[in-house]
Each structure stands twice: as C-alpha cells, then as structure tokens.
Amino acid sequence: MKEFAHFRHIAKAVASYAAMLLIAGFLMAPFVWMVLVALHPPKSPIPAIDELWPVKPDFGNFGRVLTNPHLPVARFFLNSVVVAGAVVVGQLAVSACAAYAFARLRFAGRGILFAAFLGSMMIGGAATQIPVYLMLRSFGWLDTYAALIVPGLSSAFSVFLLRQAFSTVPAELGEAARLDGAGEMRILAGIFVPLSRAAVATCATFTFIGVWTDFFGPLIYTNSISMRTVEVGLSIYKNAYGGTNWPLQMSAAVIVMAPLLLVFLIGQRYFVRGITLGSIK
Amino acid sequence: MTRLQRRESLLGWAFVGPATAHLALFALFPIAYAAYVSTFKWNIANGHHAFVGGGNYAFSLREQAFWNALWNSFRYTAVGVPLGMALALAVALLVNQRLRGVTIFRTLYYIPAISSGVATAMLWIYVFLPTNGLVNVVLLWLHVNDKTHTTDFINNASTAMWVLVVMSVFTGLGPRMVLYLAGLVGIPGSLYEAASLDGASGWSSFKRITLPMLLPTSLFVLVTSTISAMQLFTPVYMITKGGPDMTTDVVGYHIYTEAWVDFNVGLASAKSFILLVAIAGISIVQFRLVRANLADYSA
Amino acid sequence: MSLRRWWCVLLLALAGCQPSHNPNAITLRIATWGTGEDDSDYAKKCDAIDHEFERENPGVKIVRETIPEQYVQAMVMAHVAGASPDIMMLDASSAAVFMNNGIVTDLAPIIAKDPEFRLDDYFPNVVDIARRGSAVYAIPQDFTPMVMYYNKRLFDRAQVPYPDGSWNFERFRQVARAVTINEGEKNERFGYAFSNWMPGWVMWLWNNGGDVLTEDGTRAAGSLNSPQNAQTFRFLRDLIEVDHVSPSPSMTAAMGVDPFVSGRAAMTISGHWSLIDYKNAPKDRNGQPKLDWRELGVTAVPHNTPLANTVMYESGYAIPTGCRHLDLAWRYVKYMTSRRVQMDYNSSGIAIDARKDVAQARAVDPLERAFLPLVATARAPRGSRVEGYDFVETQGASAMSSVLLNGADPLAALKTAAERIDLEFAKR
C-alpha cells in the first residue's frame, strides 16, 4: 500500500514537471524564436522551423541596429535610461517619504488622504492623458525630458506597497532612534528602508519596467525623433526599417528587452514577498 | 493639540507633501480639467473651441462607431479575463507544489508580463503570420491546414480579436499567477488535511476549499484585470490598428484616434469619462457578485 | 539602499555625457514620409543631394526624419507641441489641415523679396494647389495627373483604334467591350481593370457631372448621394457584372497581381508612378515581360461633361511656422526645387517634375510627352482644401465595396456614406 502511494506521488511529480515544461515551452517559444532570428543575416526570409538555428550566427545585427545612420537608436537608449533612472530614484524618494508618513507619523487628515491615494489607483490613464498633455504643453515641457519624468515621480501603488512594508517594521526601533535624537529623515533612510528591502526592490523593479515599457506616454508627450524612448523607437524602427527585414527587427527587440530581463532577474528575488505584503489585507 | 503633536503633524504633512502635490497635479486636477474639456467641442489642430455642455456626451452615445468600440472592448474583456484567470489559477496550483526547481518555472512564467509591449506585439505578428507563423506551422504539422490553405489570423475579421485575446492571456499570466500564489499561501493546510481525512477527492477539495478561500484574491484579480482589459491600447496600435473592418477597434484605441489622430480632444475627453463610468459600473457589479458569494461561505 | 545608490551613480554618470556641441553648426530638420530603407538607390540619391547642400553651405547639417506612419498626425502634433521640423514635405491630398490653420509659413513675402526665385518656373495649376488667395504655402516638387493608360498591343490585336480622349462613358464601354476576350479561362482579356481606390476613381463622378462634397467642402449629403453619382456607380458596376469588361474585386485578388501590368487588361486609370511598375513588368514563361511599356499610351479619362476632368496628386516643400532658421530653410527649398537638383532627383521617373523646364527636358519619349497636355485640366485634390478628407475616401471605397461585393443599391450606399461623412465632419 505504501509503495502505491509512493508511486502515485512520483507519478504526480513527473506529470507536474511535464506540464510545467510544456507551459514554459509555450510561453518562451516566441522569445526563443526572437533571439534565434536576430542572429540570422539581415534581410533573410523568415526561417522555416527546421532552419531556425542560424547556420552562421551573425551577431552584427545588434551593431547594425544601434548604428543605424538615419535613426538615432543609441539616443533612444540613452533617453530611456535617463528617464527610467530619474523616475525610479525620484519615485522611490517621494513615495517612501509619503509611505513613512502614512505608516508611522500621525497627522491630521491622514486617513482621508490615504483613501484619496487608494482611490486614485482606480483612475485610468485614459481619462487623464488629455488634460496632462494640455498641462505639459502650457508648461512648455512637451518634447523634453520633463514631460517623461515628472508625471512619473509619484505612484499611489508604490506608496501603498511601501506603507505596508513600513508598517511591519517594529515601532520600537523608530522610538529608540528618536530618543537618541535622530531626525525623521534619518530614521526613514537609516532604519525603515534597509529593513524593507523586499518592498523597495519590488517598487524599484516594477517602476523601472513600467517606465522602460511605457509606450503611450512617450508617444504623445514627445515629438522629435531625438526625444523618443526606446519603446516608441522600436515601433518606429519596425515601421521604417524593419518592414520585412525580420532579423533586424528582432535584433532591435532583443536590444529593448535585454535591460528589462536583467533588471527583472535581479529584482525578482524580492517579488513574491513584495506582492504578498501588498495583497494580504 | 500639544506642541509635540503639532510638530508631528507638520512633519507628517512635510513627508507626504511631495506625493500629495503630485497626486493633486497629475491625478485629481486632471480629472476635473478633463471634465471641463469634455464640455467643449475642441480641436487642437485648428484650434476651434466652442462650449457644447453635454453635447459631446450626447453625440458619443448616439455614435455607432463608439458603441462598436464599447462592444469590442466588452467582447475582449468578457472572454480574455475569465480565460486568463482560469489559466493563471491552474498554473498557480501547478507551481505551488514543493518540487525542486519550481521557482525557476515561476520566474520564467513571469517574463512575458515584463516584456516590452511593442516587442511582444512584433513577436505576435510573427506567431500568427499566414504562411510561416508559428501557429500555422503547428496547424500544418497537425494536418489541419495544408500548404495552400494557411490561415491569416490577423487580417481576418472573425479571428483578429482572438489573436488579441490570446496575447492578453499570454502576457497577463505572470502577475495573476503571483497574486494567486499569494492567496494560496494564506489557505491553512489543516483544512485540506481535514478534508482528506473525511475522504474528499482532490477535485472536491478544490471546489469547496480552494475556490472559496481564494475569493478575495479572485476578486482582486478580476477587478484589476477588467480595468486594464477595458483600456487596451498598445497591441491594437501595433498589430491590427482597429481593423480589419473595425472589429478590433477597442475603446482605448478609439479614444486615442479621436484625440490624437482626429484631434477632437473635447469629444475624446467625454468618451474617456463614459469609459470610466462603464469601468466603475462593471467593477461595482463584480464586487457585489463576489461579495454575495463570500457571504454564502462565511455563513 | 545600495540599489538606490547605484541608480544615483548611473544617473550622475549619464548626466555628464552630453553630445558634443559645435556652437556654429546649424541643424536643419527635414520631415518626410515613407520608410527609411537606407540602401535603395532613391535613398542614396537623396543623401548625395543633401551632402551637396552641406558642402555648399558649410556649418549646416541636414537631418532627414522619415516618419513611416501617420505622417499628418505626427506633423500636427509636432506643431501643437512647438517641436516642428524646419522643413516638411507636403502631400497635396492631406495638405488642408496645414494650410487652413497656419501651420505652414506663407512663402509669398519671401518669394517677393527674392530676385533669384521665379514662381512661374513651375506649372501654374500645380502651384495653385498650395495657394490661398495671395498666400503660397508650398513650392511643388513633383506631381502626376491621373490618366487612362491603354495597352496598344491589345488594341491592335482586337483591331480597335486607339482612344483619343474625346470619348464619353458609352463610347468607353463600347471600346472596352471590343477589346475584351471572354472565351475560356486562358485567353481572358479584360477591357478595363477597375480598382476600388477612391483617389483613382473619383474622376468618374466628376465626369458625369457629380461631385463628392458641396462646393465649400462642408457637407456630403446631397452631393455624394446625387442621382448622377448613383448612375456612375451603376455604370461602373455594370462594367463588371453586365458587360464583363472588368474583373470583379475577387477575381483581381485571385489573380494576385495587377491585371494591367500582367497584360490581362487593356486599360486602367493610374498616375505616372505606375510607369515604374510597368517598366518592371512580371515576365511570362518565355522570359518576356508581360507588358511592354513602350506599347503604352495615355489619354484623358472618359467624360460625359464637355471637358475631361481629372485630378492630380502632388508633393512639395513647406516651411512650418516656428522654424527657427527661416533664411536657411528657404535656401534649402530653393536648392531642392532648382533645375539643377530636380534634373537629378527626377531621374527616378516616379512623377512629373513641377518645373516646366525639367518636365519638358525629361519628356524624351512619346509616352512622357503624352502626359503634358493632360496637366492643364487636372484639378487639385479635395484633400488640399478639406480637412479630414481621408475619411471621405474611406467611406467612398466602403460604399463602392458594398455595391460591388454585397449588391447594395448605389443610391442607398452613397446615402449611408454621406451620412457617416457628415457625422464625422460635425465633430470638428
């Protein structure tokens, strides 16, 4: 009897692994295809499945995309890095301060204000895009970095997540530091943030990914080619130069995705913990 | 209020100040401004500007193209969200087991979600290409198609929407799975033990323990998935552009066209408010339905 | 904390990287449409022409920005954001929004002050496309009237005399029937290849006394759904379904290639650009081209009205308002539309040059020469006056499609199209 149960256990494990591999196959297949086609010589036709592995991998496509004489691809990359960096740093700073206040400071109207933050998460981008555009136009910020950075400098989601994390930090630590004469900023930066590494990393990672893959913002708020980010630039590249040149298109896509993957893999260790903290009510 | 309390209050406001200012400027004020703009017939290309009060709303509610967009969004959401949730739950159950290497799979499954929307759309065009696309190659292999009859999914009015639905399931899997995993963690193992002692089967445990205990999580996934599905934009822009024959003209794309291709920002603002109301309405209905179910179980 | 510190460091490092700045260099941004495929002969030619300008004007750098999609939208948004380029190409059929709303500069004062530049070097009715009263908003580069091409070889085979352009609809129908061969699958020759692309069939409406919009371009109802237009639609439909002189849309799709260029249709309406395709016609089994462009003729489109009406499509150079280097931009426009540059640029043969001297010089063969008399009667496209005209063209094609594919009644289909157009125009 015990052997039968043991056998069932192994069979279940094998079946599970098989299912997980199958699902992984489905989900990863397009991306694997993307990388393989990026290594084919430019202008080659779409490879049939048995010709998918490149006979002679051509790594030059990445260089060709980055040094395109008519489209400033490297500049797109720079723009994305600048904007993402500024937003991640800025948003963390602003949201951490607000989260700390909601978690550990008592002030009049705290409850209502927090409810306002929560409520704002429901407001879709669709309703605010036009007024924000008109506002940015009146500031003269359209087609500048300011238009891409400033609207992202705070996020109710980050405030929410960080507040949850800060609430779990023992209050005594803050009290002790206060008694020692430390200012609130010191307490936040020196105690709360280091102890909430999971949540901070989660916020930073999600924010980076969100900014890097933001399509609508740069599409509407920037116009000149030199101010476009890498996401919009990829679609311009596809329409202008990709056309039927799949290897170059896919190389461009790989270039856009590589930093995303890198940041994700570094930050994903903290993910489940971060989201768990956020969703357990 | 004591001096200490006042100091703490001021500090609190100082800390929360930047975020609040940002909220006011980029979330609260724009809503009010959008409402103002929506009462004008306003074209930013030629600058025509005229107050019409509720005229834009009346026009939109009579406009066949707008109702078509609402219907397309509804179709997309009604099929894509339940399908995506069911799949995510199944996958979450699968990777919730204590097997070696399961975290690798969890990470892999999340990758489509973080992928650049544009890059994913480009891949999707390939996947559904008529002759050499992945799906057609598989269909050829399964002898469903033959060499002369490959299916063009994207340019076919009856299948274009399903291309987008499949894409939404694909990219939405990761976050939903993680949410369900978090929810599963919260279910006490003792419940399952008790059930198996009573002789309950796996499926029965699932129906009577897992699903009800997951209702709060499911509600969260349902509402957030619905909100984002109703505002779909990038895949439509990249792959179908609202076609063929306006079958994939969803509200997000429709409003984009109204505001940024035709430049009628007043009308577009009105439409986005109508969308907001529609989404809020759907969310409330979802809340009520799930809460009713929750009440049954806690009784 | 270390994560944040890394980002701070990265940000500071990048802030230090500024592109090197030559304070004396002026960059002229030129916006145009099309894909930027950078190894075609055309692209190389454009590059060479730009480099020559840079050589003649030291310290100036030309940057061409090709916008592959939604060109009009991108240019309008750039204007609204104050980020317009210095020079923009203007396509006549979508120029209305720019010219009606002061998005492009009036060049008339500049022309008046410039002794080197003569506006009457260019075909007058082509220049008129960009005129509004005394203002001139663009200098034309090249254009084409829409003409009726005919395949002389097929006419000879049917022993039908070549058309001379003085034909009405009925005469056209007879000619088309005479040239059509309808026996069996292999020998099928059509008289006329019809394509449901409104910019290519709108002149049929005009030549039967109808129009698409009212004179002021504000309304479609009453104009588009006129009895004459319904009659024209019936005529075109009957060419396909009754006389069988034209392939139906599904037959054309099944052929996979344009019937005229594959030598299976004797006549078609198109612009000068098609000559590129006709000179590179697909080859038959013996390696012979299915269409010999030297055996082509062009003539005016059939007209029930006393004069033949046709439309011309044109592109030219405009300077957006807010251009910060007006003198330099004007110099570039003059340079590009000069005889010297156009003789080189126009050698690709896509369109007729807007300069009279260049067009005459390039009219070396009878076919090219046959285009020139048709220029004088060509109208500017409606899209150069009416904003959002592309919606009209979409609805028109839709109406035609429902008549040809779904057997709809022409007057009803036109009425539906007119109503939709008016609804859309009411939004502006």
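Below is a table of values for the structure above.
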read-out: For the range A:2-60: span of alpha carbons on each principal axis (Å, largest first); value: 61, 19, 18
read-out: Kirkwood estimate for the protein assembly as shown, i.e. one over the average of 1/r between Cα atoms, Å; value: 32.1 Å
read-out: Candidates A:L260, A:L118, A:L71, ranked by Gaussian network fluctuation over chain A, Cα under 10 Å, top entry; value: A:L118
read-out: Principal axis dimensions, largest first and in whole angstrom, of chain A by Cα; value: 77, 69, 35
read-out: Shielding by partners, peptide C:60-70 (average Cβ within 10 angstrom, other chains); value: 4
read-out: Cβ neighbours within 10 Å from other chains - mean over A:101-112; value: 5
read-out: For the range B:72-147, alpha-carbon Rg and Dmax in angstrom; value: 16.2, 45
read-out: Cβ crowding within 10 Å averaged over residues, with A:218-225, A:54-61 ranked highest first; value: A:218-225, A:54-61
read-out: Hydrodynamic radius by Kirkwood, which averages 1/r over all alpha carbon pairs of chain C, in angstrom; value: 23.9 Å
read-out: Helical segments meeting 20 Å axial Cα length and Kyte-Doolittle 0.0 threshold in chain A (DSSP H); value: A:2-38, A:73-104, A:125-139, A:197-212, A:246-267
read-out: √(5λ) per eigenvalue of the Cα gyration tensor, the range C:44-191, largest first, Å; value: 45, 20, 18
read-out: Acute angle (nearest 10 degrees) that the helix C:410-426 long axis makes with the longest principal axis of chain C, alpha-carbon atoms; value: 20 degrees
read-out: Calculated FRET value between C:E116 and B:A32, using beta carbons and R₀ = 51 Å, to 0.05; value: 0.40
read-out: Chain C: angle of helix C:71-81 to the longest principal axis, Cα-based, in degrees nearest 10; value: 30 degrees
read-out: Fewest-first ranking of A:I112, B:I125, using other Cβ atoms within 10 Å as the exposure measure; value: A:I112, B:I125
read-out: Label point distance in nm, B:L191-A:D180, each placed 7 Å from Cα along Cα→Cβ; value: 4.4 nm
read-out: Extension reserve of the C:D277-C:H51 stretch, reckoned as 0.36 nm per residue once the Cα distance is removed; value: 78.4 nm
read-out: Given B:K271/C:K427; C:K334/C:K356; C:K44/C:K334; A:K43/C:K290; C:K152/C:K290, the pairs whose alpha carbons are separated by over 18 Å; value: C:K44/C:K334; A:K43/C:K290
read-out: Inter-chain shielding of B:34-44 (mean C-beta neighbours from other protein chains, 10 Å cut-off); value: 3
read-out: Whole-angstrom gap from the range B:172-241 to the range A:125-175, using each part's C-alpha centre; value: 29 Å
read-out: Cα→Cβ-extended label distance, 7 Å offset, between C:A376 and A:A18, nm; value: 8.4 nm
read-out: Most mobile listed residue (C:N207, C:N151, C:N182) in chain C, GNM with C-alpha springs under 10 Å; value: C:N182
read-out: Among C:S248, C:S262, C:S134, residue whose mean-square fluctuation peaks in a GNM of chain C (springs only between Cα atoms under 10 Å); value: C:S134
read-out: Quotient of C-alpha Rg and 2.2 N^0.38 Å, computed over the range C:316-428; value: 1.56
read-out: Degrees, to the nearest 10: C:41-56 long Cα axis against longest axis of chain C; value: 40 degrees
read-out: Fewest-first sequence of C:S347, C:S398 by Cβ atoms within 10 Å of each Cβ; value: C:S347, C:S398
read-out: The range B:5-34 versus the range B:88-140: alpha-carbon centroid distance in Å; value: 41 Å
read-out: Net charge over other residues, Cβ less than 14 angstrom from the Cβ of C:K152 (K, R count +1; D, E count -1); value: -1
read-out: Neighbour net charge for C:D238 - beta-carbon separation under 13 angstrom, K R +1, D E -1; value: +1
read-out: Area projected by the alpha carbon convex hull of the range B:65-298, averaged over all directions, nm²; value: 15.8 nm²
read-out: Least to most buried among C:E170, C:E295 (fewest other Cβ within 10 Å first); value: C:E170, C:E295
read-out: 5 angstrom amide H check on C:V136, placed H, neighbours 5+ away; value: C:L107, C:A108
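Every read-out reported here was derived from the displayed coordinates using simple, explicitly stated rules and does not represent laboratory data. Here the structure is a predicted model, which means the values were calculated and not measured. All Cβ positions, even for glycine, are placed from backbone atoms using ideal geometry, and neighbour counts span all protein chains on display.
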